[in-house]
1. For the residues 92, 123, 25, what sequence is obtained by ranking on other C-beta atoms within 10 Å, fewest first?
2. Using the Karplus curve 6.51 cos²θ - 1.76 cosθ + 1.60 with θ = phi - 60°, work out ³J(HN,Hα) for each residue of the range 186-197 in order, rounded to whole Hz, and write x for Gly and Pro.
3. How big is D for the range 97-156, in µm² s⁻¹ as a whole number, if Stokes-Einstein is applied with the Kirkwood radius of its Cα pairs at 4 °C and 1.567 mPa s?
4. If you build a Gaussian network model of the chain, linking Cα atoms that sit under 10 Å apart, which residue out of 200, 106, 88 swings the most?
5. By counting other Cβ atoms within 10 Å of each Cβ, how are 201, 212, 126 ranked from fewest to most?
6. Under 15 Å from the Cβ of residue 182, count the other residues' Cβ atoms, weight Lys and Arg +1, Asp and Glu -1, and hand me the total.
7. Of the chymotrypsin sites (Phe, Trp or Tyr not before Pro) in the range 128-229, which ones lie in a loop per DSSP and count no more than 13 other C-beta atoms within 10 Å?
8. Which net charge results when you count Lys and Arg as +1 and Asp and Glu as -1 among the other residues whose beta-carbon is under 13 Å from that of residue 84?
Amino acid sequence: MIEFSHVHKIYNEETTSHALKDINLKIEDGEFVFIIGDSGSGKSTLIRLILGEEKPTSGTITVDGIDVAKLPSRKLPQYRRHFGVIFQDFRLLKDYSVYENIAYAQRIVSASPKAMHRRIPKLLAMIGLEEKAKSYPPQLSGGEQQRVAIARAVVNGPFYLLADEPTGNLDPANSEEVINLLQRFNSTGTTVIMVTHDAQMVNRFRKRVITMHDGEIVRDIQEGGYDNA
């Protein structure tokens with residue numbers, strides 16, 4: 001479980017401009033949560049705090065009982081192995097093939113070649129790209145690149161999947177395909193937290209919707225649509 005308790009985040013102490021204001025939030029294991037809001041509303045800051053990339057100015061953030069802000073730097077890499085992260089700009093290694101991009105994530109955790117050969121082809125089949133294992137990112141469409149990025153994020157079996165605007169560069173058809181993939185991994189027990197500004201897309205998928213504005217949570221709707229707020 002992820003829990004925020006009275007979390008404030010201030011980037012500029014002189015202006016006391018809040019990126020987050022008194023955030024109280026619980027995300028249970030196995031949930032699929034959309035976090036929606038305009039640019040600058042605090043969505044991405046929330047993700048960075050969960051990953052330990054930023055520390056709260058005040059308040060506590062606990063993930064599976066771990067106080068993230070108190071983790072020493074040397075323990076952060078091990079902690080982050082619980083997460084898979086997906087970005088809007090894919091962040092694939094352009095000089096690595098599709099297979100090698102996914103394998104790179106496995107090498108970071110010292111997976112054996114045998115484990116890679118067993119796991120990666122299954123993932124490629126799941127995302128419908130088994131025939132493009134030897135292709136390189138520039139040879140793929142945006143939707144295909146994002147599917148590879150998803151496979152790379154889940155290859156090590158993370159407990160949590162954090163997706164920061166993963167459909168921001170995609171057309172509606174590819175966006176829906178990405179969400180369907182995320183739902184598929186969520187159905188196996190992975191907690192999915194997806195940041196987006198696309199209210200129309202959120203309405204097509206009846207999930208929990210957290211709406212942020214000016215650093216605050218202004219709505220939290222269980223298994224609803226943005227329009228129901």
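1. Working: 92 22, 123 19, 25 16.
Ranked by crowding around the Cβ, least crowded first: 25, 123, 92.
2. Values, residue by residue: 4, 5, 8, x, 6, 6, 10, 10, 10, 8, 7, 10 Hz.
3. Numbers: Rh = 11.2 Å.
Rounded to a whole number, D works out at 116 µm²/s.
4. 200
5. Numbers: 201 19, 212 23, 126 16.
Result, fewest neighbours first: 126, 201, 212.
6. Values: positive: 147, 152, 184, 204, 206, 207, 208; negative: 31, 164, 165, 176, 177, 198.
My count for the surroundings of residue 182 gives +1.
7. Values: sites: 159, 160, 185, 205, 226; in loops: 159, 205.
Sites meeting the loop and neighbour criteria: none at all.
8. Working: positive: 80, 81, 91, 152; negative: 164.
Value of the local net charge: +3.
Each value in this text was obtained by applying a stated rule to the coordinates, not by laboratory testing. A quick note: this is a predicted structure, and the numbers were derived from the prediction, not measured. We place every Cβ from the backbone using ideal geometry, glycine too, and count neighbours over all the protein chains shown.
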